[in-house]
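The values are calculated or read from the model by the stated rules, or taken from the named source; none is laboratory data. Since the structure is predicted, the reported quantities are computational estimates derived from the model, not experimental observations. Glycine also receives a Cβ, built like all others from the backbone with ideal geometry; neighbour counts cover every protein chain displayed. The accessibility values were calculated without ligands, DNA or RNA, using every heavy atom of the protein model including side chains. Shrake-Rupley method; radii C 1.70, N 1.55, O 1.52, S 1.80 Å.
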Amino acid sequence: MIEQGAKFFTAPPPTTDLGLGGIGTVLQGSLVLVATALAFAAPISVLAGAFIAFYPNSFTARLARQLAEVVVEFPTIVIGLSVFGLFIVDLHWGLSALTGAIALAVVMMPYMTIQISEALRVPRAMFEETLYALGMSRLRTMLFVMSAGRRGLLTGLLIGMAKGFGETAALLFTVTTSFNLFFTSFNRPVSAIPVLIYFYGLAPYENWREVAWGAAFVLTVLVLALFSLVRVLARGGMSR
Amino acid sequence: MSGHCAFRIERLNVWLDSKHVLNDVSDVIIPRNVVFSIMGPSGSGKSTLLKTLNRLVETYPNARVEGKVLFMGEDIFSMDPVKLRRRVGYVFQQPNPFPHMSIYDNIAYPVKALGLAKSKREIDDIVKDSLMKANLYDEVKDRLHAKASALSGGQQQRLVIARALALRPSVLLMDEPTSMIDVVGARKIEELILQLKKEMTVVVATHTPQMARRISDYVLFLYDGRVVEWGPKEVMLEAPENDLTKMYVAGRFG
């Protein structure tokens, strides 16, 4: 990685020939996958988290919370296989950035939902009755609570992203192991850093294994950076 | 007749879960521009009665309400509760400003959110006017943009009163507004209550006959969810009919 310098982040990984190449394709793939998964999962998680925080005793909220807690503990390889079975085998969507992102979204969603519902619990308890007493509508009350708890909301999204970057098993079925493909469109396959680490780390070629270690380092830094951001946000408490 | 009073309550029953919190509260008339105290020991249903008057109790998932309450002659249960609460302000026992907002924003936020003012100038005026009415302006005018959490308990409670006044309510409900405040702060709030009745009706829940004596025109004695009796302060505190009221006023229990 040090040998390659900046090229490590842009070049495709080496094939069987010599030379080191880089992780350009999988880094881009991971970014596309996590961003797309976030676009699917974030709105659902925010709504579900808010619903659980506001109607904690309702049947739907209890069900949603139970479901999230179960899926969090679920083996992600089963999620990968299920997405593969449903979207790729049954619906013939093929390996694509989209199916990969769907699998990731399913993995990320429960983490984000639980975190967001917890983050909104305190501001809801603090402000809900006050806001109602001031003649605020239910919707406005919810928006106020979300705005007061927005650091916690953001934390939830970051935790989901960190989970998404590191997730491997759910992607094994839904991304390509042709690691030299750059992202071109959502219905074309991409690959991801952790999948590359798995395949290259076990390879019989020295240069592949070096790339795998380099990729592992990049992934670690990425996830650590996200969690540092989470810690900074958590320390700030409630925001204006 | 009912149009001339702020509230008229008939056959009001409230349950929280299976607990019968208010038991057939009837024939209670709260006149306009008076201070009306709801006096009773803790657990007697004072807060629930207040929260029924602005329909806040109905936001509790376990609450059930039956009966009739007229506000300015209009049945509150056929009104939009959100609109009712803008006309019937509420001050909680525990001062509850938005701690993460400035003093200014604590008042400006609901004014803006409810569309009560159009220009920045208008909002500024309402903020200043409300703080003055709550006898707080002089103490905070140089630090309007400081966090509300930096104020003392008594100041926070007056800020909350100012926030309620900014909506220009015709009734202000106050749930033991001085019980969490030091003596000096409490006296300022009592003085404020007496000022406010010139412009609106103030309904105050209190558990002390002393406070009821200092501020009220009318006193209602609530015990175990039932109205024992109510009437002008002089009658209620000097010559009540009911023995239970006599004992409570004399400080024999409660």
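General remarks:
- With a 1.4 angstrom probe, the accessible area lost at the B-A interface totals about 1800 Å².
- Interface residues of the stretch A:110-138, defined as a loss of at least 40 Å² in heavy-atom accessible area between the chain alone and the complex of all protein chains with a 1.4 Å probe, are A:127, A:129, A:130, A:132, A:133, A:134, A:135, A:136.
- Semi-axis lengths, Å, the protein assembly as shown, gyration tensor of Cα atoms, sqrt of 5 times eigenvalues: 62, 24, 18
- Here each label is just a point 7 Å from Cα along the line to Cβ, and for residue A:178 and residue B:241 those points are 9.4 nm apart.
- At R0 = 30 Å, FRET efficiency that the Cβ-Cβ distance of residue A:15 and residue A:72 yields, to 0.05: 0.20
- From helices alone, chain B scores -10000 deg cm²/dmol at 222 nm; the rule is -39500 (n - 2.57) for each run of n ≥ 4 DSSP H residues, then divide by the residue total.
- Cα shape, the stretch B:12-154, gyration tensor, a/c 1.5 rule: prolate
- Of the residues A:85, B:41, B:148, the one whose Cα sits farthest toward the positive end of the charge dipole of the protein assembly as shown, with +1 on the Cβ of Lys and Arg and -1 on the Cβ of Asp and Glu, is B:148.
- Largest GNM mean-square fluctuation among B:188, B:51, B:19, using chain B with Cα springs under 10 Å: B:19.
- Highest-MSF residue in chain A out of A:124, A:138, A:151 [GNM, Cα springs under 10 Å]: A:138
- Size of charge dipole - the stretch B:7-249 - debye, nearest 20, with Cβ of Lys, Arg +1 and Asp, Glu -1, no other charges: 800
- At most 15 other Cβ within 10 Å, DSSP loop - trypsin sites (Lys or Arg not before Pro), the stretch B:107-169: B:118, B:141, B:143
- Note that chain A presents 48 Å² accessible area per residue, ligands and nucleic acids not counted, probe 1.4 Å.
- CD proxy at 222 nm, helix term only [per DSSP H run n ≥ 4: -39500 (n - 2.57); per residue of chain A; nearest 500]: -23000 deg cm²/dmol
- Solvent-accessible area, 1.4 Å probe, carbon plus sulfur percent, for the stretch B:7-249: 48
- Normalised radius of gyration (Cα atoms, divided by 2.2 N^0.38 Å) for chain A: 1.15.
- FRET E, pair residue A:92, residue A:57, Förster distance 45 Å, beta-carbon r, rounded to 0.05: 0.55
- Calculated FRET value between residue B:60 and residue B:23, using beta carbons and R₀ = 22 Å, to 0.05: 0.80
- Per-residue mean of C-beta atoms belonging to partner chains within 10 Å, peptide B:159-172: 1
- Structural size metrics of chain B, computed from C-alpha coordinates, are Rg and Dmax of 18.1, 57 Å.
- With the Kirkwood sum run over all distinct C-alpha pairs, the stretch B:193-234 has a hydrodynamic radius of 11.1 Å.
- What separates the Cα centres of the stretch A:123-182 and the stretch A:88-103 is a distance of 24 Å.
- Working from label points 7 Å from Cα in the Cα-to-Cβ sense, the residue A:154 to residue A:31 distance is 2.1 nm.
- Overall shape: oblate for the stretch B:131-191, with the ratio a/c of the largest to smallest alpha carbon gyration tensor axis at 1.5 or above and b/c at least equal to a/b.
- Placing pseudo-labels 7 Å out from each Cα toward the beta carbon at residue A:202 and residue B:168 gives an inter-label distance of 7.5 nm.
- The loop-placed chymotrypsin sites (Phe, Trp or Tyr not before Pro) in the stretch A:62-170, going by DSSP, include none that has at most 10 neighbouring Cβ atoms within 10 Å of its Cβ.
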